[in-house]
Amino acid sequence: MKKPVTTLIGAIAGLLLAAGPAAAQDTDTRGQPLGRPEVKTVGDWQVRCFTVNSTHPCDLFQEMADQNTHQRILSVSLAYDPTIDRHLLQITVPLEVAIQKGMTVQTDSYTSPVLKYRMCTREGCFVQMLADNAMVEALVKSGPDAKLNIFADGGKSYGLKFSLKGFSAAHDDMVSQARAKAKKPAETPAAKP
C-alpha cells in the first residue's frame, strides 16, 4: 500500500532535518545515534550517506555561509528515493523571508516554478518537497552558476547564489549509492475481512 504524500513529506522532513543540523549532534529526530556519514566531495557538492534505516539514506549537500560572520545563508539537500523514483528536496534560507511569496531556483537555462516554504524554525525557513525528476534533469544540464530568488519581509528580492559545479557527477554517485544502500519499505499486510 502506498503512503499518502503528506506522510511521505513528513518522513522526508525528518530525514533531511536529521541530515542537516541534527547530523552535527549525531542523532536523528528520535534521538537515535546516526553515526558519522560517509562523505565524498564532488565539485562543490558533498555526497553524504548516513547510517539510517531509510529508503533514501544518501543526499547531495551544499551549504553557503557569510564570509564575515560564518552564519549559514543557505543550504541545499537533494536525496533520491529509489523505491518511488523521486527526489526529495530541502532548501534552507535565513529567517525574515516573505513566506507567502515562496522562492524560485534559477540557472542559465531553467527557472523553477514557485517553491513554497513548509516551515520556519530558529535554524531558518525550509522548502521541503518531492522534486520533479524534470527539475533535477534541468539542474544537471545547467551551467555552473545558480541562485535562489527569495523575498524579504519588506518585499525586497535577493538572489542567493550557489554552485552547480560537479552537480551532475555528484548526483549520479548519490543515486548509485542510494540504490545500493536503501532499505526497502515494509509491506503493509492486507486487512482481514
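The values are calculated or read from the model by the stated rules, or taken from the named source; none is laboratory data. Owing to the predicted nature of the structure, the values given are computational and were not obtained by experimental measurement. Cβ sites come from the backbone with ideal geometry, for glycine too, and all protein chains shown count toward neighbours.
Numbers for the structure displayed
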item: Within region 46-69, tally of residues that are more than 16 Å from LYS181 (Cβ to Cβ), of a type in the set (A, V, I, L, M) and in a loop (DSSP other than H, G, I, E, B); result: 0
item: Selection count, region 60-80, where residues are acidic (Asp, Glu) and at pLDDT below 95; result: 1
item: Selected residue [of a type in the set (D, E, K, R) and within 22 Å of ASP145 (Cα to Cα)] from ASP108, ASP81; result: ASP108
item: Residue selected from region 97-111 under the condition small (Gly, Ala, Ser) and either free of Cβ contacts under 8 Å to residues at least 24 places away in the same chain or touching a strand residue (DSSP E or B) at 6+ places or on another chain (Cβ under 9 Å) (or both), by the criterion nearest to VAL140 (Cα to Cα); result: GLY102
item: Residues (in contact with a helix residue (DSSP H, G or I) (Cβ under 6 Å, 6 or more places away or on another chain) and either part of a helix (DSSP H, G or I) or among the aromatic types (Phe, Trp, Tyr) (or both)) located in region 115-127; result: TYR117
item: Flag for VAL175 being buried (at least 18 other Cβ atoms within 10 Å of the Cβ) and under 25 Å from LYS40 (Cβ atoms); result: yes
item: Failed criterion for GLY35 (all others in (1) within 25 Å of ALA180 (Cα to Cα); (2) in a strand (DSSP E or B) hold); result: (2)
item: Residue that is surrounded by the most Cβ atoms within 10 Å (Cβ to Cβ) [pool: residues in region 152-163 that are touching a residue at least 24 places away in the same chain (Cβ under 8 Å) and within 15 Å of MET64 (Cβ to Cβ)]; result: PHE162
item: Residues of region 50-88 classified as of a type in the set (Val, Ile, Thr), surrounded by fewer than 17 Cβ atoms within 10 Å (Cβ to Cβ) and over 23 Å from GLU137 (Cβ atoms), total; result: 2
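Conditions tested, residue by residue: (1) modelled with pLDDT of 95 or more; (2) of a type in the set (A, V, I, L, M, F, W, C); (3) farther than 15 Å from GLN90 by Cα.
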{"position": "ARG118", "(1), (2), (3)": "yes, no, no"}
{"position": "VAL136", "(1), (2), (3)": "yes, yes, no"}
{"position": "SER168", "(1), (2), (3)": "yes, no, yes"}
{"position": "ASP173", "(1), (2), (3)": "yes, no, yes"}
{"position": "LYS181", "(1), (2), (3)": "no, no, yes"}
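Rundown of residues vs (1) touching a residue at least 40 places away in the same chain (Cβ under 8 Å); (2) buried (at least 17 other Cβ atoms within 10 Å of the Cβ); (3) part of a loop (DSSP other than H, G, I, E, B); (4) among the hydrophobic types (A, V, I, L, M, F, W, C), yes/no style:
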{"position": "GLN90", "(1), (2), (3), (4)": "yes, yes, no, no"}
{"position": "LEU95", "(1), (2), (3), (4)": "no, no, yes, yes"}
{"position": "PRO113", "(1), (2), (3), (4)": "no, no, yes, no"}
{"position": "MET129", "(1), (2), (3), (4)": "yes, yes, no, yes"}
{"position": "GLU137", "(1), (2), (3), (4)": "no, no, no, no"}
{"position": "ILE150", "(1), (2), (3), (4)": "yes, yes, no, yes"}
{"position": "LYS165", "(1), (2), (3), (4)": "yes, yes, yes, no"}
{"position": "HIS171", "(1), (2), (3), (4)": "yes, yes, no, no"}
{"position": "LYS184", "(1), (2), (3), (4)": "yes, no, yes, no"}
